[in-house]
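Here, each number is a calculation from the coordinates, and none is a lab measurement. As the structure is a prediction and not an experimental result, all values here were calculated from the model. Cβ sites come from the backbone with ideal geometry, for glycine too, and all protein chains shown count toward neighbours.
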């Protein structure tokens, strides 16, 4: 299967062109954020406060990178389990978030929100953080620096390999792939 190349940010048209199981190489800027940062973002939304980042068309990578070694841009940067942020995801999607990168299954509420808001969930390969970090060209902390590795960062990525797991049509690659073995 050929890989699709996508330059970020995501648009409805780009999202609608993706199907569960598609292999994709992403290039452009993404936000790195984990559960502590998601919690703060949701608290700001609930208090009608301005968010420190714009979400429209953006992709969030669920990652808490390790410190960079001398000469590196970033340390190991593998995906974290996406279910840890499921309780925050529908609200972020309602604000324009278009994509998420992580690993593992999403709950039904998130899958429904992905369809409703025309978004996409990508998986990166867990356990390959050192290799994935080589696809990150730059890193800048943009919010919640006090959270250390869980601070919100802007990462510039190039040909970052992912697979579409949940597309905007309600398909789930994990479920489809499992059917082959039943």
| request: Averaging sequence separations of C-alpha pairs under 8 Å and six or more residues apart, then dividing by the length of the stretch 3-179, give the relative contact order as a whole percent. | output: 31
| note | On the formula 1/(1 + (r/R0)^6), with r taken between the Cβ atoms of residue 50 and residue 180 and R0 of 35 Å, the FRET efficiency rounded to 0.05 is 0.15
| task | Along Cα→Cβ, 7 Å out, is where each label goes; now give me the distance between the ones at residue 72 and residue 95 in nm to one decimal. | result | 3.0
| note | By the Cα gyration tensor axes a ≥ b ≥ c (a/c under 1.5 gives rounded; else a/b larger than b/c gives prolate, otherwise oblate), the shape of the stretch 61-111 is prolate
| field | Residue with peak Gaussian network fluctuation, the chain [Cα springs, cutoff 10 Å], from 148, 57, 170 | value | 148
| remark: Expected unfolding gain across residue 112-residue 128 under the 0.36 nm per residue rule, minus the alpha-carbon gap, is 2.9 nm
| Length added when fully stretched, residue 169-residue 29, from 0.36 nm per residue minus Cα-Cα | 47.9 nm
| field | Residue list for the stretch 29-57, given a label point 7 angstrom along the Cα-to-Cβ vector of residue 7 and an amide N cut-off under 18 Å | value | 29-30, 57
| query | Looking at the square roots a ≥ b ≥ c of the eigenvalues of the Cα gyration tensor of the stretch 1-93, which shape do they give, rounded for a/c under 1.5, prolate if a/b is larger than b/c, or oblate? | reply | oblate
| request: Mind sorting out which of (1) 57; (2) 63; (3) 54 is the real percent of Cα pairs over 19 Å apart computed from the coordinates? | output: (3)
| message | Placing one identical point scatterer on every Cα of the stretch 141-182 and ignoring solvent, what is log10 I(q)/I(0) from the Debye formula at q = 0.17, 0.24, 0.33, 0.34 Å⁻¹? | response | -0.72, -0.82, -1.03, -1.06
